[in-house]
Amino acid sequence: MSTIKRDGFGSRFGVLVAVAGSAVGLGNLWRFPYMVGTNGGAAFIFLYLFFVILLCMPIMFSEFIIGRRTQSNAFGAIKKIAPKSGWLSIGVISVVASICIMSFYSVVGGWTLEYIFKSFSPSFLTSDSSALSSQFSGFSQSSFMPVVMHLLFLAISALIVVAGVKNGIEKYSKILMPVLFFLVLLLAIRSLTLDGAGEGVKFLFHPDFSKITGETMLAALGQAFFSLSLGMGCIITYGSYVNKKENLFKISFMTVAADTGFAILAGLAVVPAVFAFGIAPGQGPSLVFITLPQIFAQLPFGSVFAVGFFFILLIAAVTSAISLLEVVVAYFTEELKMTRKVAVVVTFMIIGVLGTFSSLSQGSLSDVTIFGKNFFDLFDYTSSNILLPVGGLLVVLFVGWRMKRADVLDELTSGGTVALRKSLFTGIMLVIKFLAPIAISIVLINSLI
Ligand code: PFF
């Protein structure tokens, strides 16, 4: 994104690759399966899909509308429409949330890097769950390599943000994302055909609604926001690069469809195998790193697939990480007037230190807790379950109540070039003004009770 000048993306495909690159990442392939596992399976998926369609689509339009209207970074965008007002908290949330997310995202990015190297060794792929489990905890709890890998992942992402690789990362993403999709599809097919996979399929598709609690609802909402990169100015920033003629509906719809497709497919790849191999679905963050090597062990040329898979997962993680970093860097350069290089170095140092704490909290610092959570869980919980929903709430309120209705219509119809029925526009405005804010507030309040 760093090289995209204010004149914007060249083509609709370019926009889609960039937005989908931000959305599809560790959130789909690492976080979604284990959240499904810890939050009771099908009922969680049901809530997730409900929130995606009802709330995330309107929030995505809203962020695109703010960004394209103002042609600015998240903070600057709000400042242009509502200077010196409380609305600027949207900009503050976006910077804080980006830093919080990167402080654990980069650690998981580091684990992915390590797993590329591990996949080269033939003994790595085994069907022995407990061996894989102790291998993962042995690595993630140590104090040296995971920190090095986290810093390496962060450095790769930071370098891309400084140097810009419009013709690199974007070009390769166009090829690699479809390849990733086919690899996950292959894993899903293998997973679904394992002995004992049926229990997993039941877990994924037979909802037990008695499992829904206030916390589950908040977890599903937080996951939906996290996976779609919403509630923290990322789509506002991308929206500022979108051509005036582009249809915001189409872009939003295609991004949501691609991201959700990836998440469900990842669930199908991981969960049936979890049941077939007798792993506990509520494992948490280690789930994918224990399950996937076992599925690869069941495939011919498993090592080749494993190396390829973790490598492409790394690329997917990097394309999301650069969008997170860009939110902070754009704020530092445009608002605090730092040069781009200084901004990236400052961002690297902040996240480097915080990420080191969250990496160490898996092992040597595991006893240090704040509100009962270690650093890793604290960054994760605060961003996904508090900052993103609150950010999303403020965004819809801003578009619904603060922006001029005529401006919103102008953006939704791309300056009058896209037909939009009056009744549909009224419906969208009702969702943005009332339904979405009320629904998000209910979920937030409900989880407090
Ligand atoms: N959506 C990314 C993922 O699913 O991995 C993570 C993310 C990127 C969250 C950018 C928020 C964001 F602004």
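The values are calculated or read from the model by the stated rules, or taken from the named source; none is laboratory data. The structure presented is a predicted model; accordingly, all values stated were derived computationally and were not measured. No Cβ is skipped: glycine too gets one built from the backbone with ideal geometry, and neighbour counts run over all protein chains shown. Ligands, DNA and RNA are stripped out before the accessible areas are found, and what is left, the full protein with its side chains, is counted by its heavy atoms. Shrake-Rupley method; radii C 1.70, N 1.55, O 1.52, S 1.80 Å.
With r as the distance between the Cβ atoms of residue 134 and residue 80 and R0 = 41 Å, compute the FRET efficiency 1/(1 + (r/R0)^6) and round to 0.05. Display every interim value, and only then the final one.
On the way: r = 54 Å, r/R0 = 1.31.
Efficiency at R0 = 41 Å is approximately 0.15.
What net charge is computed for the residues neighbouring residue 223, neighbours being all others with C-beta under 15 Å from the C-beta of residue 223, Lys and Arg scored +1, Asp and Glu -1?
Values: positive: 31; negative: 215, 259, 377, 380.
That sum, taken over residues with Cβ under 15 Å, equals -3.
Near residue 79, which lysines are there with a Cα under 22 Å away, not counting those fewer than 8 places off in the same chain?
5, 244, 337, 404, 433
Tally Lys/Arg at +1 and Asp/Glu at -1 over every other residue whose Cβ is under 12 Å from the Cβ of residue 278; what's the total? Walk me through the intermediate numbers first.
Working: positive: none; negative: 128, 195, 199.
For residues surrounding residue 278, the net value is -3.
Would you work out what percent of the accessible area of region 369-449, with all protein chains in place, is carbon or sulfur (probe 1.4 Å)? Don't skip to the answer; put the middle values down first.
Values: 2710 of 3990 Å².
Answer for region 369-449: carbon and sulfur cover 68 percent of the accessible area.
Take the chain, mark every one of the trypsin sites (Lys or Arg not before Pro) that falls in a DSSP loop and has at most 13 other Cβ within 10 Å, then report the longest stretch left between them, sites excluded. Please report the intermediate quantities before stating the final value.
Numbers: sites that count: 5, 6, 84, 244, 245, 337, 404, 421.
Maximal segment without exposed cleavage sites: 85-243.
Share of region 298-358's accessible area from carbon and sulfur, percent, 1.4 Å?
On the way: 1900 of 2360 Å².
That fraction is 81 percent.
Just tell me which lysines come within less than 23 Å, Cα to Cα, of residue 202; anything on the same chain fewer than 8 places away is out.
Within the straight-line cut-off, residue 202 pairs with 211.
So what are the ³J(HN,Hα) numbers for region 35-48, from phi and the Karplus equation (6.51, -1.76, 1.60; θ = phi - 60°), rounded to whole Hz, Gly and Pro as x?
Once rounded to whole Hz, the list reads 5, 4, x, 7, 10, x, x, 4, 4, 5, 5, 4, 4, 4.
Per the 1.4 Å probe, what fraction of the accessible area of region 1-118, in percent, lies on carbon and sulfur atoms? Don't skip to the answer; put the middle values down first.
Numbers: 2170 of 3140 Å².
Whole-percent figure for carbon plus sulfur exposure: 69.
Please give the length that would be gained between residue 441 and residue 420 if that part of the chain were fully extended, namely 0.36 nm times their separation in residues minus their C-alpha to C-alpha distance (nm, one decimal). Don't skip to the end; give the middle numbers.
Working: separation 21, 0.36 × 21 = 7.56 nm, distance 2.90 nm.
The residue 441-residue 420 span can extend by a further 4.7 nm.
Residue by residue through region 353-368, which ³J(HN,Hα) values in whole Hz follow from phi under the Karplus form 6.51 cos²θ - 1.76 cosθ + 1.60 (θ = phi - 60°), with glycine and proline marked x?
6, 4, x, 5, 4, 6, 5, 5, 5, 7, x, 4, 9, 5, 7, 7
Please list, in chain and number order, the residues 5+ apart from residue 243 or on another chain whose amide H is under 5 Å from its amide H, with Hs placed from the backbone.
Distant-sequence amide H within range of residue 243: 9.
Would you mind working out the accessible area per residue for the chain, using a 1.4 Å probe, and quoting it in Å²?
Details: 16830 Å² over 449 residues.
That works out to 37 Å² for each residue.
Taking all pairs of distinct Cα atoms, average 1/r, flip it, and tell me the Kirkwood hydrodynamic radius of the chain in Å to one decimal place. Kindly include the intermediate steps, with their values, before the conclusion.
On the way: mean 1/r = 0.0455 Å⁻¹.
Hydrodynamic radius (Kirkwood, Cα only) of the chain equals 22.0 Å.
Quick one: net charge of residue 39's neighbours, Cβ under 11 Å, K/R +1, D/E -1? Intermediate results must be reported in sequence, preceding the final value.
Numbers: positive: 211; negative: 215.
My count for the surroundings of residue 39 gives 0.
If the viscosity is 1.567 mPa s and the temperature 4 °C, what translational diffusion coefficient in µm²/s does Stokes-Einstein give for region 350-447 when Rh comes from Kirkwood over Cα pairs?
On the way: Rh = 16.4 Å.
In µm²/s, the coefficient is 79.
Averaging sequence separations of C-alpha pairs under 8 Å and six or more residues apart, then dividing by the length of region 79-157, give the relative contact order as a whole percent.
On the way: 37 pairs, mean separation 32.8, N = 79.
Reported relative contact order: 41 percent.
Mind pulling the angle between the C-alpha long axis of helix 145-163 and the longest principal axis of the chain? Nearest 10 degrees, somewhere in 0 to 90.
Its long axis makes an angle of about 30 degrees.
Return a whole-number percent for the relative contact order of region 196-332, with Cα pairs under 8 Å and 6 or more residues apart as the contact set. Please list the in-between numbers first.
Values: 51 pairs, mean separation 48.3, N = 137.
RCO, region 196-332: 35 percent.
If you filter region 33-121 for chymotrypsin sites (Phe, Trp or Tyr not before Pro), then keep DSSP loop positions with at most 15 other Cβ within 10 Å, what is left? If you can, show how the numbers build up before the last one.
Numbers: sites: 34, 44, 46, 48, 50, 51, 61, 64, 75, 87, 104, 105, 111, 115, 117, 120; in loops: 120.
Qualifying residues, ordered by number: 120.
Within region 91-112, whose backbone N sits under 12 Å from a point 7 Å along Cα→Cβ of residue 369?
Answer for region 91-112: none.
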